[in-house]
Amino acid sequence: MSVWGCLPVLAVGFLGTLLVCPVTVPDLMAAQTPPQQPSPGESALLAAVSVLTALAVVWSAGRRRPGRGPALFLLTVLLLLMCAAVTLWVRGRVGTDGWTLGATLESLAAGVTALLLRAALRRGERGRPLAGEVWLAMVPFREDDRRARHYCVVVARRRGYAEVLQITSQNKEGRRDHVWMPNAGWDPTSGKEHWVETGVPRRVPYEDFLKARPQGPCPGTTWRVLRVRRRGLPARRRTPAVGRR
């Protein structure tokens, strides 16, 4: 294998080494003569490296949007648990006699696990409207069965449809049923400021979203206001039945 051909393998192994260093480094120190153990400070540093690496992997796997923090935390924990499980599995298969071979295989297995999870997360988000994102869709009118092409903020995913709040470029300043929404790069065509409604969300079937990717994330300040006002809506009115033509 050429030097360039080895680089991907080395990169995967290095990624895995960072993810499982709280496991492999103490083993390496214990194999020295005389055996050693990491200090509390060193153990904390190894754990921090592992956690930050896992966080970087899952953060790079998903689209940027507000309210993503809890999911990032859970996915980081999941990745660390998966890496620990695959490391222990490899160790059980290889044994403890060949430490160098075992550590290499453990790092490669952890790196491959991280890349597979990242690929699965990216594939799972492809073409899926997610809460906190701005999309272009055929949004239904409130008064009748007509629909029109509008930007909207996705506030929830349901089976078969998403709940959205319509965005307008018409000036709604001073109205309590709309919130100002800065154009943070999601509407490069007009460059205008916008307002987003805060009432009962509208239902948009997934096939009525007009692009494969979102325009961008909803600005954080606007998203926080929408979430606060959404909590004040009666639960039974959050998903009105909007007919389809």
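Rolling a 1.4 Å sphere over the protein heavy atoms, what is the accessible area per residue of the range 79-193, to the nearest Å²?
57 Å²
Tabulate in residue order the Karplus-calculated ³J(HN,Hα) for the range 175-188, using 6.51 cos²θ - 1.76 cosθ + 1.60 with θ = phi - 60°, rounded to whole Hz; enter x for Gly and Pro.
With coefficients 6.51, -1.76 and 1.60, one gets 8, 6, 8, 9, 10, 5, 10, x, 8, 8, x, 8, 10, x Hz.
Mind ranking 50-56, 40-46, 213-219 by how tightly packed they are, going by the mean number of other C-beta atoms within 10 angstrom, highest first?
Numbers: 50-56: 18.4, 40-46: 12.7, 213-219: 20.6.
Sorting 50-56, 40-46, 213-219 by mean packing, highest first, produces 213-219, 50-56, 40-46.
Helix check for the chain. Which DSSP H runs span at least 24 Å along their own axis by Cα, with a mean Kyte-Doolittle hydropathy no less than 1.6?
In the chain, the long hydrophobic H runs are 3-30, 69-94.
Quick check: convex hull of the Cα atoms in the chain, volume per residue, rounded to a whole Å³?
Numbers: hull volume 46.6 nm³, N = 245.
Residue-normalised Cα hull volume stands at 190 Å³.
Tell me which GluC sites (Glu not before Pro) from the range 95-174 have a DSSP coil assignment and no more than 16 other beta carbons within 10 Å of their own.
For GluC sites (Glu not before Pro) across the range 95-174 that sit outside H, G, I, E and B with at most 16 neighbouring Cβ atoms in 10 Å, the list reads Glu143, Glu173.
Taking just the alpha-carbon atoms of the range 1-137, what radius of gyration and Dmax come out, in angstrom?
When restricted to the Cα atoms of the range 1-137, Rg and Dmax are 17.5, 67 Å.
Compute the length gained on full extension between Leu74 and Thr189: take 0.36 nm times their separation in residues and subtract their Cα-Cα distance, giving the result in nm to one decimal.
My answer for the length gained is 37.7 nm.
Please report the net charge: other residues with Cβ closer than 11 Å to the Cβ of Val58, K and R +1, D and E -1.
Once all neighbours under 11 Å are counted, the net charge is +3.
From the helices alone, meaning DSSP H stretches of at least four residues, give me the mean residue ellipticity at 222 nm for the chain, per-run term -39500 (n - 2.57), in deg cm²/dmol to the nearest 500. Please list the in-between numbers first.
Details: 5 runs with 115 residues, N = 245.
Per the formula, -16500 deg cm²/dmol.
So which chymotrypsin sites (Phe, Trp or Tyr not before Pro) in the range 141-219 end up in coil per DSSP with only 14 or fewer other C-beta atoms within 10 Å?
Passing sites in the range 141-219 are Phe141.
Go through Pro219, Thr17, Met181 and say which Cα lies farthest out towards the positive end of the charge dipole of the chain; charges sit on Cβ, +1 for Lys and Arg, -1 for Asp and Glu.
Met181
Whole angstrom only: what separates the Cα centroid of the range 81-96 from the Cα centroid of the range 164-197?
After rounding, the separation between the Cα centres reads 52 Å.
The values are calculated or read from the model by the stated rules, or taken from the named source; none is laboratory data. Note that the structure is a prediction, hence the values are computed from the model and not measured. Quick reminder, even Gly has a Cβ in these numbers, built from the backbone with ideal geometry, and neighbours come from all protein chains shown. The area values use the complete protein model at the heavy-atom level, side chains included, leaving out ligands, DNA and RNA. Shrake-Rupley method; radii C 1.70, N 1.55, O 1.52, S 1.80 Å.
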